[in-house]
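S.K.: The structure's right below; bear with me while I get my questions together.
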């Protein structure tokens with residue numbers, strides 16, 4: 001168990017302190033409960049757009065990065081469908097600088113027309129370079145659009161299309177900021193060589209005066225139950241075919257999520273996995289293969305994916321994958337194999353906890369799910385799952401009628 005203290009400011013900001021005096025630094029992590037799932041069609045990509053805007057200037061900070069670098073700090077951020085997360089590392093003696101910088105951009109970010117247009121160009125260039133001009137770069141545009149018909153998971157975090165980004169108005173940007181960048185929509189976690197009482201004082205000093213916002217409760221469109229298999233063929237100038245096969249599964253806080261996670265661990269994680277042994281080591285169709293879950297808050301996807309050997313079609317490869325899934329559903333997981341993947345999970349959790357930044361982020365992520373202690377509760381529940389419980393869920397999820405399959409086909413064949 002990680003030691004931490006948790007409290008709330010009057011304006012709703014959740015603050016978690018994780019002292020670690022073996023460290024010489026402090027990690028300052030601010031999670032906003034907003035991601036691409038909080039967007040609406042036609043104005044997609046705003047959550048990611050704000051990740052860029054937040055590193056510009058605010059009322060008292062001309063250049064965010066420069067002010068942080070002066071005190072020996074560094075920073076970064078990422079956007080997912082469910083959250084936007086900002087983090088800094090800096091000498092613990094300069095911790096107040098992080099409070100100043102982060103509170104200033106929460107309260108009074110610079111959103112002039114010039115700032116918006118500058119970042120618009122940056123994001124559009126990123127869109128083109130990483131998603132349109134990169135081999136296999138638009139996979140998740142296709143997969144999400146096919147697998148989700150109603151839910152806002154149907155577009156990637158970068159945005160559904162470039163025209164959405166091109167058409168943001170200054171009012172769109174201001175409205176998104178006012179609705180989402182507020183203390184009552186955020187979780188602040190501070191770890192490292194910090195003093196608990198000092199952190200409480202700094203949190204009240206810098207974030208306490210920021211008013212809460214009228215946060216609109218997010219109600220995602222409920223995704224209708226899938227009744228038949230969905231497929232899509234696309235043809236691009238890529239080296240080889242690729243296959244992506246997705247099945248519906250529960251959200252991260254729902255029953256059945258951990259079983260789905262263990263299914264993919266068994267079938268597709270590591271060199272000893274079933275997919276690796278049968279498709280790569282002893283097969284001739286796949287050059288690479290894996291299985292994983294997306295880990296989304298709302299019901300999401302369990303994914304099988306792989307790239308084919310030269311000249312092999314994605315449809316041919318799917319048949320080989322389906323044979324493995326069928327054998328798994330018929331034969332189950334041997335207890336020895338199940339214990340092995342549980343041991344691997346425990347080892348990974350131990351390794352993950354070595355780094356201060358991982359501990360701080362996990363406290364934030366699980367607080368966002370409901371409580372920081374869910375991090376350990378989830379691990380205990382997962383460790384206790386039996387083969388029968390996992391297979392019961394596998395037969396519920398791995399149904400062909402609920403599959404969405406992308407055949408990403410090479411034009412070079």
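The values are calculated or read from the model by the stated rules, or taken from the named source; none is laboratory data. No experiment lies behind these values; they were computed from the predicted model shown. We place every Cβ from the backbone using ideal geometry, glycine too, and count neighbours over all the protein chains shown.
S.K.: Say whether the condition of being under 21 Å from the mean Cα position of the chain (by Cα) and either in contact (Cβ under 8 Å) with a residue 12 or more places away in the chain or in the same structural domain as residue 246 (by TED's automatic domain parsing) (or both) is met by at least one residue in the range 306-329. So that I can check it myself, show each step before the final result.
M.R.: The first filter runs over the range 306-329 and keeps only residues under 21 Å from the mean Cα position of the chain (by Cα), leaving 306.
Imposing the further condition that a residue be either in contact (Cβ under 8 Å) with a residue 12 or more places away in the chain or in the same structural domain as residue 246 (by TED's automatic domain parsing) (or both) reduces the set to 306.
Yes; the residues of the range 306-329 include at least one that is under 21 Å from the mean Cα position of the chain (by Cα) and either in contact (Cβ under 8 Å) with a residue 12 or more places away in the chain or in the same structural domain as residue 246 (by TED's automatic domain parsing) (or both).
S.K.: Restricting attention to the range 398-413, report how many residues are modelled with pLDDT of 95 or more and surrounded by fewer than 18 Cβ atoms within 10 Å (Cβ to Cβ).
M.R.: 3
S.K.: Which of the residues spanning the range 20-71 are part of a helix (DSSP H, G or I) and over 24 Å from residue 159 (Cα atoms)? Quick ask: steps written out before the conclusion?
M.R.: Initial filter on the range 20-71 (part of a helix (DSSP H, G or I)): 36-38, 46-53, 64-69.
64, 65, 66, 67, 68, 69, listed by residue number.
S.K.: Additional query: Quick check on this structure: which one of 211, 239 is surrounded by fewer than 17 Cβ atoms within 10 Å (Cβ to Cβ) and out of contact with any strand residue (DSSP E or B) (no Cβ under 9 Å at 6 or more places or on another chain)? Give the steps one after another, and end with the answer.
M.R.: Numbers: 239 fails: out of contact with any strand residue (DSSP E or B) (no Cβ under 9 Å at 6 or more places or on another chain).
Sole residue among the options that is surrounded by fewer than 17 Cβ atoms within 10 Å (Cβ to Cβ) and out of contact with any strand residue (DSSP E or B) (no Cβ under 9 Å at 6 or more places or on another chain): 211.
S.K.: Give just the number: which of (1) over 24 Å from the mean Cα position of the chain (by Cα); (2) on the phi > 0 side of the Ramachandran plot does residue 159 not satisfy?
M.R.: Going through (1) over 24 Å from the mean Cα position of the chain (by Cα); (2) on the phi > 0 side of the Ramachandran plot one by one, residue 159 breaks only (1).
S.K.: Determine which member of the set 7, 78 is surrounded by fewer than 19 Cβ atoms within 10 Å (Cβ to Cβ), touching a strand residue (DSSP E or B) at 6+ places or on another chain (Cβ under 6 Å) and free of Cβ contacts under 8 Å to residues at least 60 places away in the same chain. Spell out how you get there, then give the answer.
M.R.: On the way: 7 fails: free of Cβ contacts under 8 Å to residues at least 60 places away in the same chain.
Within the list 7, 78, the selection yields 78.
S.K.: All but one of (1) buried (at least 16 other Cβ atoms within 10 Å of the Cβ); (2) touching a residue at least 60 places away in the same chain (Cβ under 8 Å); (3) in contact with a helix residue (DSSP H, G or I) (Cβ under 6 Å, 6 or more places away or on another chain) hold for residue 289, so report the exception by its number.
M.R.: (2)
S.K.: Mind telling me which of the residues 367, 347, 320 ends up being part of a helix (DSSP H, G or I) and touching a helix residue (DSSP H, G or I) at 6+ places or on another chain (Cβ under 8 Å)?
M.R.: Numbers: 367 fails: touching a helix residue (DSSP H, G or I) at 6+ places or on another chain (Cβ under 8 Å); 347 fails: touching a helix residue (DSSP H, G or I) at 6+ places or on another chain (Cβ under 8 Å).
That would be 320, the only listed residue that is part of a helix (DSSP H, G or I) and touching a helix residue (DSSP H, G or I) at 6+ places or on another chain (Cβ under 8 Å).
S.K.: Identify, by number, the condition in (1) touching a residue at least 12 places away in the same chain (Cβ under 8 Å); (2) crowded, with 16+ Cβ neighbours inside 10 Å that residue 280 doesn't meet.
M.R.: That leaves (1) as the condition not met.
S.K.: Something else about it: Regarding the range 97-120, can at least one residue be identified that is at pLDDT 95 or above and within 28 Å of residue 299 (Cβ to Cβ)?
M.R.: The answer is no; no qualifying residue exists.
Results for (1) outside the structural domain of residue 307 (by TED's automatic domain parsing); (2) within 27 Å of residue 316 (Cβ to Cβ); (3) without any contact (Cβ under 8 Å) to a residue 12 or more places away in the chain; (4) assigned to a helix (DSSP H, G or I), shown as yes or no for each residue.
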| residue | (1), (2), (3), (4) |
| --- | --- |
| 178 | yes, no, no, yes |
| 189 | yes, no, no, no |
| 221 | yes, no, no, no |
| 224 | yes, no, no, no |
| 239 | no, yes, no, no |
| 243 | no, yes, no, no |
| 248 | no, yes, no, no |
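S.K.: Out of curiosity, is residue 160 touching a residue at least 12 places away in the same chain (Cβ under 8 Å), surrounded by fewer than 16 Cβ atoms within 10 Å (Cβ to Cβ), in the same structural domain as residue 126 (by TED's automatic domain parsing) and touching a helix residue (DSSP H, G or I) at 6+ places or on another chain (Cβ under 9 Å)?
M.R.: Working: touching a residue at least 12 places away in the same chain (Cβ under 8 Å): yes; surrounded by fewer than 16 Cβ atoms within 10 Å (Cβ to Cβ): no; in the same structural domain as residue 126 (by TED's automatic domain parsing): yes; touching a helix residue (DSSP H, G or I) at 6+ places or on another chain (Cβ under 9 Å): yes.
Here the answer is no, as residue 160 does not meet what is asked.
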